[in-house]
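Notes to accompany the following structure.
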Amino acid sequence: MADKPHQNLAVIGHVDHGKSTLVGRLLYETGNVPEHVIEQHKEEAEEQGKGGFEFAYVMDNLAEERERGVTIDIAHQEFDTDEYNFTIVDTPGHRDFVKNMITGASQADNAVLVVAADDGVQPQTQEHVFLARTLGINELIIAVNKMDLVDYEQNRYDEAVEEVKGLLDQVSFDTDNAGFIPVSAFEGDNIADSSDDTPWYDGETVLDALNDLPEPQPPTDAPLRLPIQDVYTISGIGTVPVGRVETGVLETGDNVSFQPSDVGGEVKTVEMHHEEVPNAEPGDNVGFNVRGIGKDDIRRGDVCGPADDPPTVAETFQAQVVVMQHPSVITSGYTPVFHAHTTQVACTIESIDSKIDPASGEVAEEEPDFIQSGDAAVVTVRPQKPLSIEPSGEIPELGSFAIRDMGQTIAAGKVLSVDEA
Ligand SMILES: Nc1nc2c(ncn2[C@@H]2O[C@H](COP(=O)(O)OP(=O)(O)OP(=O)(O)O)[C@@H](O)[C@H]2O)c(=O)[nH]1
Ligand SMILES: [Mg+2]
């Protein structure tokens, strides 16, 4: 396993378009989930009145997820192909859970976008693509799903492809970095094996496309940065923060600091996939234990780094943002919620410093009175609570964010510079 390069892959798209089903199917067809487990899920799904969710249940483990038939929180699953060791991050499509999707997307190198052929591009298709683009997803595999519901008709597939291409253009996502595949996650068409039902398609299966993804960029030589996703208490071990190593290396014996909670200690143990390991590298999802740290000392949204080079806490920061949608205009004083790595903090846009021409990147206007949908701008931001964030020029993995308000993503951007608290 260790000899294959590692990839974090997010699966994104509108609610009910079949993300969890696609992941479950892929795991099943590659022998990672045995037949009898699918049979059990099938029985449980039928009892819940959720027939058809047997593959989705592979990823949807929470009771509430199974009852409602929607994904609520992100779920990780390890999975090997010929080329890569993947961690698949299944994300929720429901609009109420976009914040969890943002955490999932910020952990991923590449993504599979699932678009149901019978439904086409929908609001969260758009929102997820925008977020994927601004949170640094490099390559997209677009699975046009539920082809069985449109009788595997090529023209329905072509229509969906055109719609998605329009969307990618809108957010300036390079369509050269996007491959399209007609699939039925439920029936298993073009997932691991080419389907006889799509004779008009002679491209790759999803599994081929996964193998053909470019290798993730080697991590920067930045110091350790590990945003905390959850904090557990585990009997016999104690407090166990979990999260993904974004940069650097976490090693037992290291002296670490959690910011902004501003506590620290020595790393006693590091665990990955329920096994103790001596260290963890970028891309690794780990749980670890730090001497003297209790459950209430740290929380989701803290970032762990070396004690002698701790994560940056911002008093204010300057950022470049792109406004995706806003019902009116954004002026200084506006205080929406910023989502960065695993945290959400209300932040005030203190000043709009300049408007940028998105095409050339040049300053189009100094200190504009407002910005609106489609605008790019440089703004100065003041977090209303301590926030750990880094300049994207130094640590890109910790330098991007999404801005949400009124239940939708308003904008996204990257940090240019930080004034430390
Ligand atoms: N006919 C058909 N139904 C499908 C297909 N893929 C998924 N479904 C059905 O679509 C419904 C939703 O599937 P999920 O996999 O839960 O969708 P999701 O995208 O993960 O949904 P959220 O995580 O809640 O956003 C279930 O009833 C599935 O059985 C498909 O290829 N064909
Ligand atoms: Mg799901």
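Mean separation of Cα pairs under 8 Å and 6+ residues apart, divided by the residue count of region 6-211: what relative contact order is that in percent? Intermediate values should be presented prior to the final figure.
On the way: 412 pairs, mean separation 48.1, N = 206.
After rounding, I find 23 percent.
Which value, in debye to the nearest 20, describes the size of the charge dipole of region 6-211 about its Cα centre when Lys and Arg Cβ atoms bear +1, Asp and Glu Cβ atoms bear -1, and nothing else is charged? Show your work: numbers first, answer last.
On the way: 12 positive and 43 negative charges, 177 e Å.
So the dipole magnitude of region 6-211 works out to roughly 860 debye.
Take the alpha-carbon positions of region 153-304, form their convex hull, and give its projected area averaged over all directions (one quarter of the hull surface) in nm².
On the way: hull surface 51.2 nm².
Over all viewing directions, region 153-304 projects a mean Cα-hull area of 12.8 nm².
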Descending Cα extents along the principal axes, region 47-165, whole Å: 38, 38, 34
Most exposed first, judged by fewest Cβ atoms within 10 angstrom, Arg299, Arg156 run Arg299, Arg156
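Can you tell me, using C-alpha contacts under 8 Å and at least 6 residues apart, the relative contact order of the chain as a whole percent? Please list the in-between numbers first.
Details: 1043 pairs, mean separation 52.6, N = 421.
Contact order relative to length: 12 percent.
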Whole-Å distance linking the alpha carbon centroid of region 270-322 with that of region 208-263 is 5
Could you check which residue among Leu168, Leu62, Leu250 shows the biggest mean-square fluctuation in a GNM of the chain with a 10 Å Cα cutoff? Leu62
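Give, in nm to one decimal, the length gained when the segment between Arg291 and Asp221 is fully stretched (0.36 nm per residue of separation minus the Cα-Cα distance). List each step's numbers first, then the result.
On the way: separation 70, 0.36 × 70 = 25.20 nm, distance 2.64 nm.
Stretched out fully, the Arg291 to Asp221 stretch lengthens by 22.6 nm.
Once the Cα gyration tensor of region 166-244 is diagonalised, what are the square roots of 5 times its eigenvalues, in whole Å and ordered largest first, as equivalent ellipsoid semi-axes?
On the way: eigenvalues 285, 90, 34 Å².
Over the Cα atoms of region 166-244, the ellipsoid semi-axes are 38, 21, 13 Å.
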PRE reach from Glu29 (point 7 Å along Cα→Cβ): which of region 124-166 fall under 18 Å by backbone N? 141-154, 157
Residue by residue through region 407-415, what is 3J(HN,Hα) from phi via Karplus (6.51 cos²θ - 1.76 cosθ + 1.60, θ = phi - 60°)? Round to whole Hz and write x for glycine and proline. x, 9, 7, 8, 6, 8, x, 10, 7
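Can you compute the helix-only [θ] at 222 nm over the chain? Use -39500 (n - 2.57) per DSSP H run of at least 4 residues, normalise by all residues, nearest 500 deg cm²/dmol.
On the way: 8 runs with 78 residues, N = 421.
Computed ellipticity for the chain at 222 nm equals -5500 deg cm²/dmol.
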Sequence neighbours fewer than 8 away in the same chain don't count; with that in mind, list the aspartates and glutamates whose C-alpha is under 14 Å from Lys268. Glu251, Asp254, Glu276
Sorted by Cβ neighbour density within 10 Å, fewest at the top, the residues Glu394, Glu127: Glu394, Glu127
Could you give the semi-axes, largest first, of the ellipsoid that matches region 313-420, computed as the square roots of 5 times the alpha carbon gyration tensor eigenvalues and rounded to whole Å? 19, 16, 13
Debye, to nearest 20: dipole size of the chain, +1 on Lys, Arg Cβ, -1 on Asp, Glu Cβ: 1500
Sorted by Cβ density within 10 Å, fewest first, the residues Val256, Val171: Val171, Val256
Among Ser106, Ala192, Gly179 - extreme Cα towards positive end, dipole of region 75-195, charges at beta-carbon: Ser106
Where chymotrypsin sites (Phe, Trp or Tyr not before Pro) in DSSP loops with at most 16 other Cβ within 10 Å are excluded, longest remaining stretch of the chain: 1-199
Stokes-Einstein D for the chain, Kirkwood Rh over Cα pairs, 4 °C, 1.567 mPa s (µm²/s): 58
Taking Lys and Arg as +1 and Asp and Glu as -1, residues besides Phe173 with C-beta under 12 Å from its C-beta add up to -2
How large is ³J(HN,Hα), in whole Hz, for each residue of region 299-314 in order, when computed from phi with the Karplus curve 6.51 cos²θ - 1.76 cosθ + 1.60 and θ = phi - 60°, using x for Gly and Pro? 8, 3, x, 5, 10, 9, x, x, 4, 8, 8, x, x, 6, 10, 8
Rg(Cα) of region 6-211 divided by 2.2 N^0.38 Å? 0.93
Normalised per residue, the volume of the convex hull around the Cα set of region 1-53 (Å³): 95
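Percent of Cα-Cα pairs more than 19 Å apart in region 226-306, please. Numbers along the way, then the final one.
Details: 695 of 3240 pairs.
Roughly 21 percent, rounded to a whole number.
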In percent, what relative contact order does region 313-420 have, based on Cα pairs under 8 Å that are 6 or more apart in sequence? 40
Using a simple spin-label model with points 7 Å from Cα along the Cα→Cβ vector, what separation in nm is obtained for Leu149 and Asp369? 4.7
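If you place +1 on the Cβ of every Lys and Arg and -1 on the Cβ of every Asp and Glu, how big does the dipole about the Cα centre of region 139-188 come out, in debye to the nearest 20?
On the way: 3 positive and 12 negative charges, 25 e Å.
Once rounded to the nearest 20, the dipole reads 120 debye.
Quick note: the coordinates plus some simple rules give every number you see, no bench work behind them. In this text, all values refer to a predicted model and were calculated from it rather than measured experimentally. So basically every Cβ, Gly included, is an ideal-geometry build from the backbone, and we count neighbours across all protein chains shown.
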